[in-house]
Structure formats: structure tokens, C-alpha cells
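This report concerns only the one structure given below.
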Amino acid sequence: MAKEKARKRILHSNVMVIGLGRFGSALARELMRTGHEVLGIDTDERIVQQMSLELTHTVKADTTEEGTLRELGVAEFDSAVVAIGADIEASILTTSLLLQLGVPNVWAKANSASHGVILKQLGCHHVIFPEAEMGKRVAHMVSGETLDYVSIDSDFVMVKTEVPSSFDGQTLAELKIRSTYGVTVVAVTTGDGKYVPAFPETVLNQGNQMVVAGQVEPLNEFCKIA
Ligand code: ATP
């Protein structure tokens, strides 16, 4: 029962997105697309107008003012995302007020490592570094090592890569991928290019793609196999 309640909460949560710049507006649109209710807030009237038809509610307000946050009923929200980056003072003040007012999940975007340190010291639940994380991800794609690269935590990643020619026509069980390479093939594409879950009897074909998970070192070595 508790599990079902928690799931409902995630599926239909109310999220406040503060700062509707490029990052905040993209995030707010995606939350709407996935069925959440979104209150978008920005100090810029023009941006608030632009987003007003796309989000559940939009408000022009300065979130560094405690009274404004109280009036907006922030404590009623499941999550708040502080997507203010350039104005570090506004980001820190807003995050601190949201935490003080008891928002259960506060996410804040950091524009630099020191900005991130301060947000963490304030007790912010989730600090994100979109530029740094995206830069790292794209570097792996540009270098040609992988087709996509996602860090799960500091030593665990998931990559999208092509099936090497040396694996052609063999099953995952025959290749003993996990015991030989220390990584796990999670999904593979079939002839029509769609991903399906991988099983021990799944045959790998050259030219197809696979999603592989594992620790950074063994996964880097695995991606070098031709
Ligand atoms: P992005 O890269 O996502 O475009 P950014 O990192 O450059 O954003 P900013 O431009 O500082 O970040 O802020 C993003 C948005 O936050 C802007 O639209 C800005 O008007 C809004 N904003 C800044 N300060 C406040 C505040 N105190 N209250 C509400 N909104 C704010």
C-alpha cells in the first residue's frame, strides 16, 4: 500500500520550476509531457507570458522574497527545481528559503563547482550540473568511443555502443560477457533498429547496437573491443 502511494506521488506530483531560462523551460515542458502539474515562476514578464499556455500555472515573481514563496504555498509542492544559474545569489537565497519552508525535494542547478558546494552545504537534496554533465557525455560521443554515455554514479555508467564484429552471430551466454568482461548487456537492437531486453540466449549481430552497464574501467575496456 505504501509502495503504491509512493508510486502515485511520483506519477502525479506537483513541481515548482523556478527560473524559466533554457534549462528550466525545457525541464518544465518535459514534466508536463510526462503528466505532472507544473508551476513555472520567473521574474521576467515576457518569459512568463511565453510559457503560460504550456504549463499548468505560471507566475511572475521574485523567489528571493520569503513572503512571495509563502503566498505561493511552496510547502504544498512535492518538489521544487531552482533553475536559476547566472544569478548565484538568487539561486542560493531561493534554495535556502525552499529548504526552510519545508519543500520535501529541492533540486538546484549549479553553474560552477563552487556554486554546487554552497548548495550542498545549505542541505539542498539534489544538486545538478547540467553543463558539466552534458559536456562529459558529449565528449564520449565525439571521441567515437560510444554512441551515448550516462553516468549513474561516480563509478557506474551506462553506454550505448555498436556490437563489435568479433561478437557477430554469438549469444551473450556463449560470449560469457559478464564473467569475461565484468559488464552487463542490458538491451540490444533487432533488425528494425528497436531496442529489446537482452537475455542469455540473445544473439548479437554486427551493425546492431547494445546498451551496456558497468563500472567505468571494465566498461571502457569493453568499448575498445573491435
Ligand atoms: P539557462 O542557461 O537555463 O538559460 P542561466 O543559467 O543563464 O539559464 P539565469 O539566466 O540566471 O540562468 O536564470 C534563468 C531564469 O531565471 C531567467 O529567466 C531569470 O529571469 C530567472 N530568474 C533569475 N532570478 C530569479 C528570481 N529571483 N526569481 C525568479 N526567477 C528568476
Unique residue being within 12 Å of the ligand (Cβ to nearest atom), within 30 Å of residue 153 (Cβ to Cβ) and in contact with a helix residue (DSSP H, G or I) (Cβ under 6 Å, 6 or more places away or on another chain) when the list is 90, 86, 28, 110: 110
Breaking point among (1) under 22 Å from the mean Cα position of the chain (by Cα); (2) open to solvent by 40 Å² or more (accessible area, probe 1.4 Å), for residue 83: (2)
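Given the structure, is residue 140 within 21 Å of residue 182 (Cβ to Cβ) and in a helix (DSSP H, G or I)?
On the way: within 21 Å of residue 182 (Cβ to Cβ): yes; in a helix (DSSP H, G or I): yes.
Yes.
Do any strands (runs of 3 or more DSSP E) entirely within the range 144-199 hold 1 or more residues that are within 20 Å of the chain's Cα centre (by Cα) and either among the β-branched types (Val, Ile, Thr) or surrounded by 13 or more Cβ atoms within 10 Å (Cβ to Cβ) (or both), and if so, which? Even if it seems obvious, please write down each step before you answer.
Details: elements: 148-153, 156-162, 184-189, 195-197.
Strands (runs of 3 or more DSSP E) meeting the threshold: 148-153, 156-162, 184-189.
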Residue match in the range 102-112 (condition: over 15 Å from residue 23 (Cβ atoms) and buried (at least 16 other Cβ atoms within 10 Å of the Cβ)): yes
Hits in the range 210-225 - residues which are surrounded by fewer than 17 Cβ atoms within 10 Å (Cβ to Cβ) and over 14 Å from residue 150 (Cα atoms): 217, 218, 221, 224, 225
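Check 144, 85, 116, 73 and return the single one that is on the phi > 0 side of the Ramachandran plot and assigned by TED's automatic domain parsing to the domain that holds residue 18. Spell out the reasoning first.
Details: 144 fails: assigned by TED's automatic domain parsing to the domain that holds residue 18; 85 fails: on the phi > 0 side of the Ramachandran plot; 116 fails: on the phi > 0 side of the Ramachandran plot.
So the residue among 144, 85, 116, 73 that is on the phi > 0 side of the Ramachandran plot and assigned by TED's automatic domain parsing to the domain that holds residue 18 is 73.
Against the condition outside any strand (DSSP E or B), open to solvent by 80 Å² or more (accessible area, probe 1.4 Å) and out of contact with any helix residue (DSSP H, G or I) (no Cβ under 8 Å at 6 or more places or on another chain), how does residue 207 come out, does it pass? Break it down into steps so the answer makes sense when it comes.
On the way: outside any strand (DSSP E or B): yes; open to solvent by 80 Å² or more (accessible area, probe 1.4 Å): no; out of contact with any helix residue (DSSP H, G or I) (no Cβ under 8 Å at 6 or more places or on another chain): yes.
In short, no.
Does any residue of the range 13-23 turn out to be among the small types (Gly, Ala, Ser), within 9 Å of the ligand (Cβ to nearest atom) and at pLDDT 95 or above? Don't jump to the end; show me each part of the working.
Restricting attention to the range 13-23, the residues satisfying the condition of being among the small types (Gly, Ala, Ser) are 13, 19, 21.
Going one step further and asking which of them are within 9 Å of the ligand (Cβ to nearest atom), we end up with 19, 21.
Filter again for at pLDDT 95 or above, leaving 19, 21.
Checked the range 13-23: at least one residue is among the small types (Gly, Ala, Ser), within 9 Å of the ligand (Cβ to nearest atom) and at pLDDT 95 or above.
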Matching residues, the range 153-203, being touching a Leu at 6+ places or on another chain (Cβ under 6 Å) and either outside the structural domain of residue 220 (by TED's automatic domain parsing) or of a type in the set (D, E, K, R) (or both): 160
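The values are calculated or read from the model by the stated rules, or taken from the named source; none is laboratory data. Because the structure is predicted, anything quoted here is derived from the model rather than measured. Every residue, glycine among them, receives a Cβ derived from its backbone with ideal geometry; neighbour counts consider all protein chains shown. Note: accessible area is taken over every heavy atom of the protein model, side chains too, but ligands, DNA and RNA are not part of it. Shrake-Rupley method; radii C 1.70, N 1.55, O 1.52, S 1.80 Å.
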